[in-house]
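Worksheet: one structure, shown below.
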Amino acid sequence: MDIARCLDTVDLLCTRDFPREHGSTDAGPGGPGYLVAALETSDDFWDDDGTRREETEEQYEADRDGLTERLTDRWGPPQHISLARTLERSMDGEDIPRPWAWLSQHVPDVHLWRHPGSARWVALGVSQWDRELPFELLALVTEIDPP
């Protein structure tokens, strides 16, 4: 992982205007009040016996934790937020705002900071949509409060 590049991307997301409509941006998904960027994306696991997947998951969590340390130096310790209940509420029909409903579908938990001097939240999480698909280290910046 190129930690300097990841920090630059987080900084960019913290200062960038949010899109007016939901859709894709050059950074990743975005919409009114949020931007998401994949800081790192692994290979897929279609031909894996499970070994490479497990190693990759551990590496992505370590990368998230390393980036968390750097952001903690800037902004203090993060909150550790499980998104399991958010996912349950969404699946039960509750109207959970974007981007939290979307994020909860494939990120089990996030490290979360309130960005100093702004109304924005910064979240880091490790995503995987399905066992065969790549892992992603995601950064979310949003002005929408966590549910």
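The values are calculated or read from the model by the stated rules, or taken from the named source; none is laboratory data. None of these values were measured; they are calculated from a predicted model. Cβ placement follows ideal geometry from the backbone for every residue including glycine, while neighbour counts extend to all protein chains displayed. Each accessible area value is taken on the protein alone, full model and side chains, heavy atoms only, with ligands, DNA and RNA left out. Shrake-Rupley method; radii C 1.70, N 1.55, O 1.52, S 1.80 Å.
Miscellaneous remarks
- Pairs meeting the criteria (first residue in segment 81-107 and assigned to a loop (DSSP other than H, G, I, E, B), second residue small (Gly, Ala, Ser), beta carbons under 6 Å, at least 6 apart or on different chains) are LEU83/SER104; ILE96/SER90; ARG98/GLY31; HIS106/SER127; VAL107/GLY125; VAL107/SER127.
- Here segment 98-144 is the region considered, the condition is being of a type in the set (Asp, Glu) and under 22 Å from LEU12 (Cβ atoms), and the residue that is nearest to the chain's Cα centre (by Cα) is GLU136.
- Test: residue in segment 88-95 that is closer than 27 Å to ASP17 by Cβ and aliphatic (A, V, I, L, M): no
- Of the candidates ASP47, ASP73, the single residue that is assigned to a loop (DSSP other than H, G, I, E, B) and free of Cβ contacts under 8 Å to residues at least 60 places away in the same chain is ASP47.
- Segment 112-147: number of residues that are among the hydrophobic types (A, V, I, L, M, F, W, C), open to solvent by 50 Å² or more (accessible area, probe 1.4 Å) and touching a residue at least 40 places away in the same chain (Cβ under 8 Å): 1
- Entry remark, segment 116-135: residues being modelled with pLDDT under 95 and either among the small types (Gly, Ala, Ser) or closer than 22 Å to ILE3 by Cα (or both) number 8 in total.
Every residue, every condition in (1) free of Cβ contacts under 8 Å to residues at least 24 places away in the same chain; (2) open to solvent by less than 60 Å² (accessible area, probe 1.4 Å); (3) closer than 23 Å to SER104 by Cβ, yes or no:
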position	(1), (2), (3)
VAL10	no, yes, yes
CYS14	no, yes, yes
PHE18	no, yes, yes
GLU21	yes, no, yes
ALA27	yes, yes, yes
ASP43	no, no, no
GLU55	yes, no, no
GLU58	yes, no, yes
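- Restricting segment 1-43 to residues that are of a type in the set (Gly, Ala, Ser) and in a loop (DSSP other than H, G, I, E, B), the residue that is nearest to LEU137 (Cα to Cα): SER42
- Meets criteria (in contact (Cβ under 8 Å) with a residue 40 or more places away in the chain and either more than 16 Å from the chain's Cα centre (by Cα) or within 21 Å of LEU133 (Cβ to Cβ) (or both)) for ALA4: no
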